[in-house]
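Engineer: Right, I'll just put the structure down here and ask away after.
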Amino acid sequence: MGEAATLERVLPDTDEIARRIETARAGARRRPVLVVACDGAHAPTRPPGGRKTKRGPGTWREAKGFRLYLLGQDDRVLHVASWHQMADKAELSRALGVMAMRVPHDQVRIALVADGAEWIWDVCRDHFPKGEEILDDYHCAEHVYETARAQYGEGTLEAHEWAEATLTRLCLNALGAVVGGLLRMTPRTAEAEEAIRALSIYLAGQQERVGYAELRRRGLPQGSGGVESANKLICHVRLKRSGAWWLEANGNAMLRIRCALYNGTFERIFSDYMTSNAAARPSP
């Protein structure tokens with residue numbers, strides 16, 4: 001059934017997406033926020049080979065995917081669509097393009113949330129050019145605390161104070177002050193020097209993607225927890241089982257079924273499968 005499932009049938013259609021937007025909009029004073037988030041989850045794969053032949057070592061492939069969901073009144077989350085496949089950036093972009101064509105852009109406020117990887121911004125921006133780009137605050141905080149530990153020591157008060165002060169500045173959209181402070185810091189160790197350099201590179205060009213206090217006031221998201229949850233429930237729970245190593249084609253077929261279950265389109269692809277099987281059977 002997973003082999004027979006197609007992208008176009010696994011994703012909700014235009015009418016269903018419009019219905020979900022209307023549900024999220026009920027009772028709200030402004031348009032709901034449509035969150036678009038992309039990420040990758042590693043899946044265990046193996047080369048082809050039978051039980052009696054040596055297959056060789058397994059490898060980890062990245063299952064790239066996206067999740068779209070709506071933030072309605074009282075921060076209520078309404079799932080719209082997920083899609084995950086072991087594929088490259090171009091294939092993910094094509095899938096997101098199909099999804100973008102089904103979304104009535106004028107009926108929602110679009111937020112693009114990512115952990116800072118440039119390939120994610122590229123893909124999201126191509127299909128949602130008017131979306132507001134937001135740097136995931138959790139990943140940002142991780143990088144800040146890594147730098148604090150390298151410079152001031154694990155568990156020290158000095159490290160905690162510097163990290164919290166830095167995050168407060170980012171919350172208030174004072175990114176210039178943060179980057180300027182990093183450039184003026186005197187590294188205490190070679191590890192600290194590398195951490196400071198990496199953080200300054202990570203934050204460079206993120207001016208329009210932070211300012212979390214203002215984002216909260218406008219009802220926009222701050223983190224990419226929605227797609228991280230999809231990675232776990234769609235990919236990890238099913239593919240990362242004890243001793244499981246998947247042929248890529250089989251893993252992708254299973255992921256399409258998992259996405260259909262969460263998208264509410266499983267009955268449709270099951271009906272497609274039964275119809276195609278009936279047509280393939282020889283007449284009695």
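No value in this document is a laboratory result; all are computed from the given coordinates. Treat the numbers as computed from the prediction; the structure is a model and nothing was measured. Here Cβ is always computed from backbone atoms with ideal geometry, including for glycine, and neighbour counts include all displayed protein chains.
Engineer: In debye to the nearest 20, how big a dipole does segment 66-215 give about its Cα centre with +1 on each Lys and Arg Cβ and -1 on each Asp and Glu Cβ? Each step should come with its number before you reach the end.
Structural biologist: Working: 14 positive and 24 negative charges, 85 e Å.
For this selection, approximately 400 debye.
Engineer: Moving to a separate point now. Taking only C-alpha pairs under 8 Å that are 6+ residues apart, what is the relative contact order of segment 132-234 in percent? Walk me through the intermediate numbers first.
Structural biologist: Values: 96 pairs, mean separation 39.1, N = 103.
Over segment 132-234, the number comes to 38 percent.
Engineer: If you put +1 on each Lys and Arg Cβ and -1 on each Asp and Glu Cβ, how big is the dipole of the chain around its Cα centre, in Debye rounded to 20? Intermediate values should be presented prior to the final figure.
Structural biologist: Details: 39 positive and 36 negative charges, 229 e Å.
My answer is approximately 1100 debye.
Engineer: Rounded to the nearest angstrom and ordered from largest down, what semi-axes does the equivalent ellipsoid of segment 220-284 get from its C-alpha gyration tensor (root of 5λ)? All intermediate terms of the calculation are to be shown ahead of the outcome.
Structural biologist: Details: eigenvalues 190, 62, 10 Å².
Largest first, segment 220-284 gives 31, 18, 7 Å.
Engineer: Using the beta-carbon distance between ALA141 and ARG94 and R0 = 45 Å, what value does 1/(1 + (r/R0)^6) give for FRET efficiency, to the nearest 0.05?
Structural biologist: Working: r = 33 Å, r/R0 = 0.73.
Once the sixth-power term is evaluated, E becomes 0.85.
Engineer: Now a separate question. Report the one residue of LEU34, LEU239, LEU71 whose Cα lies farthest in the direction of the positive end of the charge dipole of the chain (charges on C-beta: Lys and Arg +1, Asp and Glu -1; origin at the Cα centre).
Structural biologist: LEU239
Engineer: In debye, nearest 20: dipole of segment 139-209 around its Cα centre with unit charges on the Cβ of K, R (+) and D, E (-)?
Structural biologist: Working: 6 positive and 10 negative charges, 53 e Å.
I would put it at about 260 debye.
Engineer: Hey, another quick one. Segment 1-36: which GluC sites (Glu not before Pro) are DSSP loop and have at most 13 other beta-carbon atoms within 10 angstrom? Mind showing how you got there, number by number?
Structural biologist: Working: sites: GLU3, GLU8, GLU16, GLU22; in loops: GLU3.
Sites meeting the loop and neighbour criteria: GLU3.
Engineer: Fewest first, what order do HIS84, HIS42 take by the number of other Cβ atoms within 10 Å?
Structural biologist: Numbers: HIS84 29, HIS42 16.
The most exposed by this proxy come first: HIS42, HIS84.
Engineer: Using 7 Å Cα-to-Cβ label points, what is the ARG76/ARG241 separation (nm, one decimal)?
Structural biologist: 3.5 nm
Engineer: Name the aspartates and glutamates eligible as straight-distance cross-link partners of LYS64: C-alpha to C-alpha under 12 Å, and not fewer than 8 places from it in the same chain.
Structural biologist: Leaving aside aspartates and glutamates fewer than 8 places away in the same chain, those within reach of LYS64 are ASP39, ASP88, GLU91, GLU228.
Engineer: What are the semi-axes of the equivalent ellipsoid of the chain, taken as the square roots of 5 times the eigenvalues of the Cα gyration tensor, listed largest first and rounded to whole Å? Each step should come with its number before you reach the end.
Structural biologist: Details: eigenvalues 306, 144, 37 Å².
Working through the eigenvalues yields semi-axes of 39, 27, 14 Å.
Engineer: Suppose the chain between ALA204 and HIS105 were pulled fully straight at 0.36 nm per residue; how much longer would it get relative to their current alpha carbon spacing?
Structural biologist: Values: separation 99, 0.36 × 99 = 35.64 nm, distance 2.94 nm.
Taking 0.36 nm per residue and subtracting the Cα distance, the gain is 32.7 nm.
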